[in-house]
Amino acid sequence: MIPINLDISTIILYFLMCLAGDFKRVILSFFIILTHEMGHLFFLKIFQVQVDKLTIYPFGGLLKTSKLINFSPLKELLIAMAGILNQLILYFVILILYRNNLINTYTYNLFLTLNTSLILFNIIPIYPLDGYIILSSIFNIFIPYLKSNIISLIISLITLIIFILY
């Protein structure tokens with residue numbers, strides 16, 4: 001069993017949201033983040049990587065692993081994409097629930113907003129987000145490790161600067 005930790009910022013934010021009566025947003029965001037991380041976890045287990053713990057932050061999670069630095073870029077790519085894939089699968093599950101009147105319109109729209117926001121946030125190529133890992137893994141397949149890391153970090157820095165300025 002992998003220990004799941006809530007970061008103090010997550011606890012404070014979720015507590016304040018509950019005080020404001022926004023229980024549904026807390027539950028949905030936690031569920032979406034957990035589903036996303038379970039996608040990563042699934043492939044980590046397939047590739048027999050030891051997972052030490054999962055920490056949930058307000059806008060995502062972080063799996064601490066014993067993955068080595070010379071890990072296969074293709075496996076790294078699959079692991080990084082698995083979280084987003086799980087969220088896409090979740091879209092269809094929620095759509096089926098909505099179409100069968102098992103969830104209301106407000107819950108469905110809130111889910112769409114949260115899930116879409118987290119996917120878009122995750123694909124930004126800024127370290128340590130999935131977008132960065134996906135980009136870096138693709139570069140590692142075609143370019144030597146050191147060069148691909150330098151290129152990935154430069155892209156990450158430029159993206160971060162644009163993100164902050166925007």
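The values are calculated or read from the model by the stated rules, or taken from the named source; none is laboratory data. Not measured: the values here are computed from a predicted model. Neighbour counts run over all protein chains shown; Cβ positions are idealised from the backbone, glycine included. Ligands, DNA and RNA are excluded from the accessible area calculation, which covers all protein heavy atoms including side chains. Shrake-Rupley method; radii C 1.70, N 1.55, O 1.52, S 1.80 Å.
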Only one of ILE79, ILE134, ILE124 that is within 14 Å of GLY60 (Cα to Cα), under 17 Å from the mean Cα position of the chain (by Cα) and not aromatic (Phe, Trp, Tyr): ILE124
Give the residue that is least open to solvent (accessible area, probe 1.4 Å), with candidates limited to residues of region 142-154 that are in a helix (DSSP H, G or I) and of a type outside the set (Ser, Thr, Tyr). ASN149
Residues that are among the basic types (Lys, Arg) and touching a strand residue (DSSP E or B) at 6+ places or on another chain (Cβ under 6 Å), drawn from region 62-88: LYS64
Checked region 1-40 for anything in contact with a Gly (Cβ under 9 Å, 6 or more places away or on another chain) and either open to solvent by 60 Å² or more (accessible area, probe 1.4 Å) or not acidic (Asp, Glu) (or both); matches are ILE4, ILE33, LEU34, THR35, HIS36, MET38, GLY39, HIS40
With region 1-90 as the region, which strands (runs of 3 or more DSSP E) entirely inside it contain at least 3 residues that are closer than 25 Å to LEU146 by Cα? 60-65
Any pair with Cβ under 7 angstrom, 6 or more apart, that starts in region 99-112 at a residue that is surrounded by 14 or more Cβ atoms within 10 Å (Cβ to Cβ) and ends at one that is charged (D, E, K, R): THR107/LYS24; LEU110/LYS24; LEU110/ARG25
Looking at (1) part of a helix (DSSP H, G or I); (2) touching a Phe, Trp or Tyr at 6+ places or on another chain (Cβ under 6 Å); (3) at pLDDT 95 or above, which is the only condition LEU157 fails? (2)
Search result, residues across region 122-141 that are open to solvent by 50 Å² or more (accessible area, probe 1.4 Å) and either hydroxyl-bearing (Ser, Thr, Tyr) or at pLDDT 95 or above (or both): ILE123, TYR127, ILE138
Can you pull out every residue in region 41-58 that is open to solvent by 30 Å² or more (accessible area, probe 1.4 Å) and closer than 14 Å to LEU6 by Cα? LYS53, TYR57
One residue is enough: does region 51-61 have a residue meeting the conditions more than 16 Å from the chain's Cα centre (by Cα) and at pLDDT 95 or above? no
For region 28-55 the number of residues that are hydroxyl-bearing (Ser, Thr, Tyr) and either closer than 12 Å to ALA82 by Cβ or free of Cβ contacts under 8 Å to residues at least 60 places away in the same chain (or both) is 2
Residue by residue through region 64-86, note down the ones that are of a type in the set (S, T, N, Q) and crowded, with 19+ Cβ neighbours inside 10 Å. ASN86
Given the structure, is GLY61 free of Cβ contacts under 8 Å to residues at least 40 places away in the same chain, in contact with a Leu (Cβ under 7 Å, 6 or more places away or on another chain), surrounded by 12 or more Cβ atoms within 10 Å (Cβ to Cβ) and not aliphatic (A, V, I, L, M)? yes
